[in-house]
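Input: a single structure, listed below in structure tokens.
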Amino acid sequence: MRFEAGQTMIERGFELWTAWVIRHAWLVLAISTVTTLYLTTGIAQIKTEFSGDSYLLSTDPALQVYHDFRDQFGMDSVILVVVDPPEVFDLAFLKKLRLLHRALEDQVPHLDEIDSLVNARHTRDEDGVLIAEELMGHWEGTPEDLEIFRQRALSNPLYRNTLISEDGSLVVLVLKPATYSARSPGREGTDAGFGEFDDGAFEGAAAEPIYLQDDEQFEMVRAIEEVTSVYEDSDFQIFLAGEPVVGERMVDITWVEMPTFVFLAILIIAGLLLAIFGRLQAALLPIGIVAGSVLSTFGLVGLLGIPFTMIMQVLPCFFVAVGVCGAVHILSSFFQEVRLGRDKNEAIIYAMGHSGLAVLMTTLTTAGGLGAFATAKLAPVAMLGVVAPMGVIIAMVYTFTALPAALVLLPLRPPPARGSGRTLALVEKLEDFLVGVGDFATSHARSVLWVTLLLVLVGASGIAQLRFGHDTLRWLMPDDPVRMAVEHMDDTLGGIADVELLVDTGRENGLYEPETLQRLDAAMDYAKSVQGGLVQISRATSIVDIIKETHQSLNEEDPAFYVVPESRDLVAQELLLFENSGSDDLIQFTDSSFQTARISMAVNNADALHYVPFLEKMRLGIGEQLGPELNFEFTGGVVLFSRAFSVLLDSMMRSYIVALIVITPLMMLLMGSVRLGLISMLPNLLPVYLILAIMGWFDIPLSMSTLLIGGIVIGVAVDDTIHFMHQFGREYQRTGDVTKSVHETLSRTGLAILSTSIALIGSFGVYNFGAITGIRQMGYLVDIAIAIALIADLVLAPALLVVTAKFLYPSKTGESSK
């Protein structure tokens with residue numbers, strides 16, 4: 001069944017619409033301008049999301065466990081201020097350390113608490129009363145005091161590789177952010193996040209808390225940088241590390257680079273359009289259209305409260321390229337008609353009628369391909385699947401409204417006649433070259449198909465080597481100061497990423513049982529002994545450490561008593577003494593009913609690929625240590641990161657399948673044939689297949705960014721295929737000859753197809769100059785895929801049509817053979 005009548009009706013509809021726009025050009029431009037200005041106001045409201053919990057959908061069970069953990073124990077994503085002095089146990093250094101501690105405590109917003117050697121707890125027994133005091137509380141700074149201080153700091157497992165490195169060369173100030181945002185109910189009146197938090201404000205469903213937002217964490221990082229800059233010198237070197245620090249660095253790079261990349265993309269495309277059309281106005285018109293669509297889209301993102309994630313930074317340049325592509329096809333047809341002598345208004349109406357349906361279908365297929373990401377289980381990818389189609393559709397609306405209106409109002413001179421002018425001569429050479437490529441493909445159709453088949457077979461070896469992986473830290477360049485600091489912390493402290501283990505005893509005061517505590521102790525020892533390849537637990541702390549420390553303190557500091565007491569009553573008594581000692585450290589490791597224990601473990605940074613099997617091994621081993629009576633679950637930043645990685649494959653397969661389900665019927669509808677629609681998909685699937693093979697050959701993992709390549713390539717590659725097939729259908733209905741039809745199709749649309757491909761390559765190519773490696777990888781891989789897609793449209797598509805024409809157009813084939 002064919003839809004030629006339907007297509008003609010739609011084309012007539014475009015012509016009628018364009019005629020109305022021409023009559024009301026000023027009104028259309030005024031409405032477009034006002035709309036753009038209004039939507040642009042939303043850009044200031046855009047918020048960013050980078051934290052580990054932002055990777056998962058709100059319905060993910062792992063995220064709910066993490067939220068429950070934060071409600072009980074607070075934030076786990078701390079900020080580390082690491083100081084590297086010539087000598088830690090030096091009086092002058094320790095005095096300066098205390099000044100830095102107090103300055104951070106006073107000047108950093110959204111701070112819950114700060115821990116360092118300055119306020120580290122030291123417990124002692126005084127006539128049967130347990131006293132908890134600051135390690136640096138009361139001392140004179142004598143050599144004897146320094147030696148005692150050194151011994152206590154290095155011997156306490158709670159401080160080793162937490163507040164001081166095991167070799168005593170570095171000290172760490174641990175800044176724990178507030179759990180809830182200053183925007184939460186009950187905190188609106190606090191000054192920039194300073195002040196006490198009103199827990200009572202959350203009683204009742206109407207006062208749900210808002211967790212600390214990324215921008216508030218980044219505000220903390222900037223305040224810390226400002227404070228530490230005052231104290232840093234050659235003998236007091238300072239490094240910052242932690243998830244908020246990495247996130248702030250990523251966002252800072254993004255907001256610096258993104259406008260630059262958009263400017264470069266616009267510059268490249270403007271130069272391309274100027275070279276093609278030879279008129280400055282013709283270059284500026286599409287740029288104005290896409291600028292308005294980009295501003296409108298991101299303004300709408302802010303107004304709708306959609307968070308801006310790291311992978312969304314590719315969208316502005318993508319919108320520029322895709323928006324220009326539609327305008328280029330319309331302008332190409334417009335100038336061809338002007339060159340043939342048509343009146344300007346008639347040429348506009350013809351160009352919109354001729355190319356409007358193809359532009360509409362390319363928009364729908366691109367939106368469908370990218371909208372497939374909305375089904376992903378990764379929140380940043382799902383959000384991209386919402387924003388990307390929105391931007392593509394907005395660009396189409398401006399193309400169908402503002403572009404013809406501007407063409408009417410601007411005094412555009414017609415291009416020079418064929419053969420005159422250097423620019424036009426270049427254009428004609430390009431058109432002749434493209435037509436020649438098409439002629440070659442039709443005359444060597446079977447050879448082209450055999451070569452394509454060979455590429456598919458060879459590519460299978462690359463597909464077989466494809467692997468998944470994601471390491472956010474390695475998105476930063478090797479010489480980036482933040483990455484270097486984190487890697488230094490991994491080497492010196494054994495790791496700063498966190499794995500949290502929650503153990504539920506199932507009853508109130510269950511943690512009083514010595515047997516339960518011994519099982520927790522065994523689980524901690526097991527965790528530190530697990531050999532996970534590139535992943536290793538460097539330390540594990542829990543309520544067991546506090547109990548051991550208290551028991552030792554109450555027994556004349558005898559190391560032999562650094563054990564769990566043997567009786568339940570003694571455990572309960574010593575915990576009561578600790579609670580009354582003046583320290584509130586217990587709340588970091590258990591709930592108020594002593595039913596649930598928290599074991600906090602530090603792990604080195606690694607690719608998420610390695611975290612998944614490591615955590616599974618931990619889960620089995622910890623289960624054996626704790627026994628069936630104790631329930632447990634893992635959470636924390638590493639666990640969320642691992643969970644996000646585990647749904648990466650599902651998200652990729654789901655988005656690719658949905659993209660095909662959406663795009664293929666649209667291609668069938670446009671082509672007017674099921675068979676032709678299926679055939680036209682082959683040139684669009686080949687680039688995705690080959691780029692995945694290339695990733696396998698060069699060991700480039702499928703990560704949060706490279707995952708997007710397939711959907712992007714399917715969405716944009718199909719655009720040129722649609723324009724080619726749409727024009728070919730017209731020509732074949734007229735001539736009934738495949739070779740002639742391909743020849744005429746490329747003479748009319750070949751230059752536009754080449755131009756849009758170059759525009760896409762240029763737009764994504766600018767990311768090769770970026771400082772975030774994940775985005776750079778995606779940029780050059782998409783460029784390669786688009787280049788393959790261009791070759792497929794110019795060579796593979798004509799060859800397929802030659803071989804399959806008798807099946808696709810049996811009546812015309814019969815007619816042409818008579």
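The values are calculated or read from the model by the stated rules, or taken from the named source; none is laboratory data. None of these values were measured; they are calculated from a predicted model. As a convention, Cβ positions derive from the backbone with ideal geometry for all residues, glycine included, and neighbour counts pool all protein chains shown. Keep in mind that these areas ignore ligands, DNA and RNA; they rest on the heavy atoms of the full protein, side chains included. Shrake-Rupley method; radii C 1.70, N 1.55, O 1.52, S 1.80 Å.
Above 17 Å lies some portion of the pair distances; for region 631-730, what is it as a whole percent of all C-alpha pairs? Distances greater than 17 Å cover 60 percent of the Cα pairs. Under the combined filter of DSSP loop state and at most 16 neighbouring Cβ atoms within 10 Å, region 86-184 retains these GluC sites (Glu not before Pro): GLU87, GLU140, GLU166.
For q values of 0.08, 0.10 Å⁻¹, compute log₁₀ I(q)/I(0) with the Debye formula on a Cα-only model of the chain, without solvent. For the requested q values the scattering log ratios are -0.77, -1.03. Calculated on the alpha-carbon coordinates, the convex hull of region 329-377 measures out at 55 cubic angstrom per residue.
With a 1.4 Å probe and every protein chain kept in, tell me what percent of the accessible surface of the chain is carbon plus sulfur. So the carbon and sulfur contribution to the accessible surface is 59 percent.
Put a plus charge on the Cβ of each Lys and Arg, a minus charge on the Cβ of each Asp and Glu, and nothing anywhere else: the dipole of region 583-681 about its Cα centre is then about 700 debye.
Select from region 576-638 those GluC sites (Glu not before Pro) which occupy a DSSP coil region and have at most 13 other Cβ atoms within 10 Å, ordered by residue number.
Within region 576-638, the qualifying GluC sites (Glu not before Pro) (loop, at most 13 other Cβ atoms within 10 Å) are GLU629.
Coupling constants for region 254-271 follow from the phi torsions by the Karplus curve (6.51 cos²θ - 1.76 cosθ + 1.60, θ = phi - 60°), and in residue order they are 4, 6, 7, 7, 4, x, 5, 5, 4, 4, 5, 4, 4, 4, 4, 5, 4, x Hz; glycine and proline get x. Under the combined filter of DSSP loop state and at most 15 neighbouring Cβ atoms within 10 Å, region 228-275 retains these GluC sites (Glu not before Pro): GLU232. Taking each DSSP H run with n ≥ 4 as -39500 (n - 2.57) and averaging over every residue of the chain yields -21000 deg cm²/dmol at 222 nm.
Close amide H pairs (under 5 Å, H built 1.01 Å from N) link LEU56 with ALA379, residues at least 5 positions away or on another chain.
Within region 449-583, the proportion of C-alpha pairs whose separation exceeds 26 Å stands at 52%. Between the Cα long axis of helix 91-107 and the first principal axis of the chain there is an angle of about 60°, rounded to the nearest 10. In the chain, taking the dipole from charged Cβ atoms about the Cα centre, the farthest positive-side position among TRP26, ILE546, LEU300 is held by TRP26.
What is the Cα radius of gyration of region 560-608 over 2.2 N^0.38 Å, N being its residue count? Could the numbers behind the result be given before it?
On the way: Rg = 14.8 Å, N = 49, 2.2 N^0.38 = 9.7 Å.
In units of the 2.2 N^0.38 Å rule of thumb, it is 1.53.
Does region 80-180 come out rounded, prolate or oblate by the C-alpha gyration tensor, with a ≥ b ≥ c the root eigenvalues, rounded set by a/c under 1.5 and, if not, prolate when a/b is larger than b/c and oblate if not? Oblate, since a/c reaches 1.5 and b/c is not below a/b. Peptides 317-328, 556-567, 744-755 ranked from most to least packed give 317-328, 744-755, 556-567, packing being the mean of other C-beta atoms within 10 angstrom over each peptide's residues. A Cα-only calculation for region 52-135 places Rg and Dmax at 18.4, 55 Å.
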